[in-house]
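The values are calculated or read from the model by the stated rules, or taken from the named source; none is laboratory data. Every value quoted in this text rests on a predicted model; they were computed, and no experiment measured them. Here the Cβ positions follow ideal geometry from the backbone for every residue, glycine too, while neighbour counts run over all protein chains shown. Accessible surface areas use protein heavy atoms only, side chains included; no ligands, DNA or RNA. Shrake-Rupley method; radii C 1.70, N 1.55, O 1.52, S 1.80 Å.
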Amino acid sequence: MSADRRPLSPHLQIYKPQLTSVLSISHRATGVGLAAGLLLLTWWLLAAAAGPDSFAVVQGFLGSWLGYLILFGFSYALMFHLCNGVRHLFWDAGWGFELDTVYRSGWAVVIASVALTVLAWAIAIVSA
């Protein structure tokens, strides 16, 4: 078959994102975000071991608006990755492959990850 007669595969300009594809990409992205967040955690632990001056620098950064934004994003990534990971465990067990169940569990992951993030931050604020 010549190259000009081959069918074209869908590309981003015509492909309509579906919940399943968005969640799959988000799961990978949150995994990368969690790896980056571990670098932040490592910095915090090393600063705590280095002494009060180093620790104060890290705490000052984490206490800024940018630090809070990064921590909020990290906690959302953690909750999303956790919830979607549980969903994948159910799939590994052979449950939930019906199309309506896939979409219901997908929306449940989104709602649960937002709710767990807000709940964790609410508990942290009340406890502070």
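Brief remarks on what is shown
- Atom-type composition of the exposed protein surface of the range 24-96 places 77 percent of the accessible area on carbon and sulfur (1.4 angstrom probe).
- Full extension of the chain segment joining Val22 with Leu82 gains 20.0 nm, where the gain is 0.36 nm per residue of separation less the Cα-Cα distance.
- The chain - mean residue ellipticity at 222 nm from DSSP helices (-39,500 (n - 2.57) per run, n ≥ 4, rounded to 500): -27500 deg cm²/dmol
- Among 92-100, 28-36, the peptide with the highest mean count of other Cβ atoms within 10 Å heads the list, and the full ranking is 28-36, 92-100.
- Cα Rg, Dmax (largest Cα-Cα span) when computed across the chain, Å: 20.3, 70
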